[in-house]
Amino acid sequence: MSVIGIQTETNYTSSVNYETSKKNTAENDDVKSAPAQDEFVKSAPKPSNSSKQIYKKDIAIVERLKQEALERRQQLISLVEKTLSKQGTAYNTLKDLFQAIKDGKAEIDPATVEQAKQDVAEDGYWGVAKTSDRFVAFAKALTGGDPSKADDMISALEKGFKEAEKAWGGELPDICKQTIEMTQEKLTKWKNELTPDE
């Protein structure tokens with residue numbers, strides 16, 4: 001093509017295009033011939049509330065809690081036996097004993113009264129918070145930490161409460177009711193950990 005005596009060279013443009021095309025084809029051949037390599041891709045962590053999570057009973061905690069409860073129970077029995085041996089009176093139920101104490105018919109030495117007060121105080125071993133904590137720790141250990149079993153543990157707690165009322169000979173004292181209520185609240189909160197917050 002010529003315009004007023006100027007001639008354009010189209011081969012140069014074609015040559016460049018041809019070379020570029022050839023280069024791209026060579027790169028494509030290299031990509032095709034390169035073997036596929038495995039590459040590490042980190043997966044997203046599984047949520048802790050996964051239904052496939054494996055739960056395992058924590059026997060060590062169960063045994064420790066049982067032993068601790070046994071020791072404390074024995075201390076309580078010794079305390080009551082010591083008090084009753086001085087009385088020479090037999091009681092049919094714990095309720096009768098505590099009613100006699102409440103009515104002033106049973107004599108309790110000041111050291112025993114002080115120890116009992118410390119034990120059932122808010123921060124005492126038999127206080128509401130610490131006792132409910134032990135119930136929850138025991139429930140978690142028995143279920144291996146599986147919150148989906150919380151309802152079973154709540155049912156077992158209620159059943160145990162009813163059995164305790166029978167052994168007591170009637171309605172349990174308020175501290176027992178408060179302990180059961182707090183334990184149920186903590187178990188329900190634990191169960192709700194299974195459902196993600198929205």
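None of the figures in this text is laboratory data; all of them are computed from the coordinates on show. For clarity, every value in this text was computed on a predicted model and none was experimentally measured. Glycine gets a Cβ as well: all are built from the backbone with ideal geometry, and neighbour counts include every protein chain shown.
Summing Lys and Arg as +1 and Asp and Glu as -1 over all other residues whose Cβ lies under 15 Å from the Cβ of residue 66 gives a net charge of +2. The Kirkwood radius of the stretch 59-192, taken over pairs of alpha-carbon atoms, gives through the Stokes-Einstein law at 25 °C and 0.890 mPa s a diffusion coefficient of 150 µm² s⁻¹. Cross-link check: pairs 102/189; 102/140; 82/105; 95/191 evaluated at a Cα-Cα cut-off of 28 Å; pairs beyond the cut-off: 102/189; 102/140; 95/191.
The stretch 94-133 and the stretch 58-83 have Cα centres separated by 16 Å. The GluC sites (Glu not before Pro) of the stretch 145-189 meeting both criteria, a DSSP state outside H, G, I, E and B (loop) and at most 12 other C-beta atoms within 10 angstrom of the site's C-beta, are 171.
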